[in-house]
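Visitor: Right, I'll just put the structure down here and ask away after.
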Amino acid sequence: MSVETRRDRHAAARFRDLLRSERQSAALYRGLAAGADGERRQIFLELAAAEERHAAHWAAKLTAIGERVPESGRPTARVRLLSWLARRFSADTVLPLVERAEHSDAGLYDGDPHAAPEMAADERSHARVLTRMRHEGETGGRSITRHEPWHRGDRSGTLRAAVFGVNDGLVSNTSLVMGFAGSGAAGRTILFAGLAGLLAGAFSMAAGEYISMRSQREAYEREIDLESEELRDDPEAEAEELALIYRAKGLDAEEAERIATTIMKDREAALDTMVREELGLNPDELGSPWSAAVSSLIAFTLGAAVAVLPYLFASGTTALVSSITLAAIALFVVGAALGLLNGRGPLRSGARQLLIGGGAALVVYVVGHLIGA
């Protein structure tokens, strides 16, 4: 095979990879657009159109060297999952993950002789646009927070509680069951130990999450009360802060001041706007302690039940092998799912989760065996 032929094959493989990547990016942005409205939806559609232009460029490159242009395949599992989350919840749910991926690819076409001149600038622009969208409404809040330390900005919710619940339930109760199994305990004893661990862990997680979310909600409510007092005691300063926030969003000084003045005429609307723009809080969505608690309880129970189930129907070696098998599968699946959400390879993430969780269970099994002996 000649050097030129090898070079053409290498170029064709690279062009196909880039074509596939650009098509997936376009599909993802169209999926995000389905979970947005107004100006945000238009921005996502424009980003999708840009990625489709890039894809057309690589398709033309393949044609130019006599290679067949592959058909547009089905979106990857990651694209489908992120698009579903954007439609089910909102584009904000997945925006940080997409932003991270865009920043990692921002220099993809820098110095690439095969890319069109505008493609490198497009990729860097996409990363900046997503950053502005993610921080929309936060720029002013971060600046104010440095001067008003009583404001806080670390928020969490039901999804976080569910993720931690599944992981904790799966790893902790699998380790508990393996510890009793290693000690040589009877199947009935292992079953009761697993059920006790499930119930204790689930209610402990739920109670802890309720207290955490309750305290967080009270802290947010206190911030809103403080903002209300500031608005009452010094409305001129609050109007100036609001104008600064809008200027940070890109409005000119005159337009920002006009909007701020109009909003400040209605005290209720002014408070709602300041809470959203300055503090980055949605007064209608401060987090539900009960929702987080129930989510955590259910998630922990599902994870903790995996290793216990075989002992409901069998005992001895059969139950132990079944328990290990189910736990290993569940660890891998949970890790793979988290990998998809984080934009990482599901196989690698699943294997890592299996190694960590399985390692913990193995250590406890050995400890149980030594104690039992």
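Each value in this text was obtained by applying a stated rule to the coordinates, not by laboratory testing. Quick caveat: nothing in here was measured; it's all calculated off a predicted structure. Cβ coordinates were reconstructed from backbone atoms using ideal geometry, including for glycine residues, and neighbour counts include every protein chain displayed.
Visitor: Using the number of other C-beta atoms within 10 angstrom as an exposure proxy, rank Met178, Met264 with the fewest first. Don't jump to the answer; show the numbers that get you there.
Guide: On the way: Met178 28, Met264 19.
In increasing order of surrounding Cβ atoms, one gets Met264, Met178.
Visitor: Enumerate by residue number the trypsin sites (Lys or Arg not before Pro) in the range 64-104 meeting two conditions: DSSP loop (anything except H, G, I, E, B), and at most 14 other Cβ atoms within 10 Å of the site's Cβ. Walk me through the numbers before you get to the answer.
Guide: Numbers: sites: Arg68, Arg78, Arg80, Arg87, Arg88, Arg100; in loops: Arg68.
Answer in residue order: Arg68.
Visitor: Right, here's the next one. Give, in nm to one decimal, the length gained when the segment between Thr262 and Ser288 is fully stretched (0.36 nm per residue of separation minus the Cα-Cα distance).
Guide: Computed gain between Thr262 and Ser288 is 6.1 nm.
Visitor: Where the only charges are on Cβ atoms (+1 Lys, Arg; -1 Asp, Glu), what is the dipole of the range 3-134 about its Cα centre, to the nearest 20 debye?
Guide: The calculated dipole for the range 3-134 is roughly 520 debye.
Visitor: When a footprinting reagent is the concern and you count Cβ atoms within 10 Å, what order do Ser21, Ser349 take, fewest first?
Guide: Ser21, Ser349
Visitor: In addition: Under a crude label model (7 Å from the Cα following the beta-carbon direction), how far is Val363 from Asp233 in nanometres?
Guide: 5.1
Visitor: Using 0.36 nm per residue, how much length does the chain from Leu309 to Ala200 gain when fully extended, once their Cα-Cα distance is taken away?
Guide: 37.6 nm
Visitor: Can you tell me the order of 228-241, 321-334 when each peptide is scored by its average per-residue count of other Cβ atoms within 10 angstrom, highest first?
Guide: By packing density, highest mean first, the sequence is 321-334, 228-241.
Visitor: Oh, and also: If you take the beta carbon distance between Phe192 and Ala328 as r and set R0 to 30 Å, what does 1/(1 + (r/R0)^6) give as a FRET efficiency, to the nearest 0.05?
Guide: It comes out at approximately 0.80.
Visitor: Would you mind getting me the FRET efficiency between Arg9 and Arg100? Use the beta-carbon distance for r and R0 = 41 Å, nearest 0.05.
Guide: 0.80
Visitor: Using a 7 Å offset from the Cα along the Cα-to-Cβ direction at both Thr317 and Ala269, what is the distance between the two label points in nm, to one decimal?
Guide: Going by the 7 Å Cα→Cβ label model, 7.7 nm.
Visitor: Work out how far the C-alpha atoms of the range 158-372 reach from end to end along every principal axis, then list the three figures in whole Å, largest first.
Guide: Cα extents, longest axis first: 77, 34, 27 Å.
Visitor: Additional query: Considering only Ala101, Ala86, His57, whose Cα is most displaced toward the positive end of the charge dipole of the range 3-134, charges sitting on Cβ of Lys, Arg (+1) and Asp, Glu (-1)?
Guide: Ala86
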